[in-house]
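Worksheet: one structure, shown below.
The values are calculated or read from the model by the stated rules, or taken from the named source; none is laboratory data. Since this is a predicted model, take the numbers as computed values, not measurements. Here the Cβ positions follow ideal geometry from the backbone for every residue, glycine too, while neighbour counts run over all protein chains shown.
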Amino acid sequence: MESFVKFIVDMVGNWGYPGIIIMMTIESSFIPFPSEAVMIPAGYLAQQGKMSLPLAIISGVFGSMLGAYFNYYLSIRLGRPVLIKVAGWFGISEKKFNKVDLFFHNHGEITTFVGRLIPYVRQIISCPAGLARMNIAKFSIYTAAGAGLWVTVLAFLGYFIGRNKELLKQYSRTITIILLIFCVMIVAIYVYVKRRRARAERLAEAAKAQVAKNS
């Protein structure tokens with residue numbers, strides 16, 4: 001593991017910002033390559049003065065966006081029947097697939113943002129977005145927001161404690177838990193606002209109907 005970590009640090013150091021972009025593009029697509037292995041070393045190198053922390057973060061976000069766009073347009077290209085078949089290989093039935101698809105149609109923005117913060121989900125969240133043909137501007141904004149938050153956290157983690165492996169392991173777990181709690185809070189607020197709006201719309205419709213009836 002130490003040899004692998006040294007290899008990644010050396011790779012990021014030798015390739016520089018293009019290396020971060022390439023590896024984060026891979027991480028954000030279907031290939032299960034951990035973003036922690038890229039952005040934490042980048043933060044550590046920034047702490048040593050070998051990189052600019054802001055440029056490392058921008059490169060990480062840019063790479064994440066490229067991988068997300070790849071999955072988005074690949075899903076459009078493959079189409080629904082192929083994706084249902086692929087989902088079946090992972091034990092996801094067509095009925096479950098349709099439920100996820102419907103949920104994304106109704107709550108695409110919040111799902112895209114939160115999905116970028118959840119391990120394993122961040123690699124595939126762009127697929128239902130592409131299948132639903134989510135507005136590309138909205139997709140870009142919410143993907144950049146989620147990816148930006150995640151990449152920044154990892155880069156700062158590497159910057160401040162990248163040298164201490166035990167602390168790094170401990171804080172990596174803690175930050176993951178904090179982000180998951182944050183996701184739950186965001187979803188709860190979203191659901192609350194959504195229900196308030198729906199209730200207000202129903203009351204407005206009822207008021208209009210009453211006025212029309214009285215007149």
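Worth a mention:
- Yes/no for residue 72 being under 27 Å from residue 182 (Cβ atoms) and in contact with a Gly (Cβ under 8 Å, 6 or more places away or on another chain): yes
- Scanning the stretch 17-33 for residues that are out of contact with any Asp or Glu (no Cβ under 8 Å at 6 or more places or on another chain) and not in a helix (DSSP H, G or I) yields a total of 4.
- Subset of the stretch 126-142 (residues that are of a type in the set (S, T, N, Q) and surrounded by fewer than 22 Cβ atoms within 10 Å (Cβ to Cβ)): 135, 140
- Applying the condition of being modelled with pLDDT of 75 or more and of a type in the set (Gly, Ala, Ser) to the stretch 88-124 and asking which residue is nearest to residue 23 (Cα to Cα) yields 115.
- Residue within the stretch 68-87 that is in contact with a Pro (Cβ under 8 Å, 6 or more places away or on another chain), at pLDDT below 80 and surrounded by 15 or more Cβ atoms within 10 Å (Cβ to Cβ) present: no
- The condition (being within 21 Å of the chain's Cα centre (by Cα) and either closer than 19 Å to residue 117 by Cβ or modelled with pLDDT of 85 or more (or both)) is satisfied by just one residue among 31, 57: 57.
- Listed conditions (1) within 19 Å of residue 150 (Cα to Cα); (2) more than 20 Å from the chain's Cα centre (by Cα) are all met by residue 49, apart from (1).
- Restricting the stretch 140-170 to residues that are of a type in the set (Lys, Arg) and in a helix (DSSP H, G or I), the residue that is modelled with the lowest pLDDT is 165.
- Residue match in the stretch 91-101 (condition: of a type outside the set (Val, Ile, Thr), buried (at least 20 other Cβ atoms within 10 Å of the Cβ) and touching a residue at least 12 places away in the same chain (Cβ under 8 Å)): no
- A search for C-beta distances below 9 Å between a residue of the stretch 63-80 that is over 12 Å from residue 29 (Cα atoms) and any residue that is of a type in the set (Phe, Trp, Tyr), counting only pairs 6+ apart in sequence or on different chains, returns 80/97.
- Residues within the stretch 140-158 that are hydrophobic (A, V, I, L, M, F, W, C) and within 11 Å of the chain's Cα centre (by Cα), tallied: 6
- Qualifying residue in the stretch 191-201 (condition: under 30 Å from residue 43 (Cα atoms) and at pLDDT below 75): no
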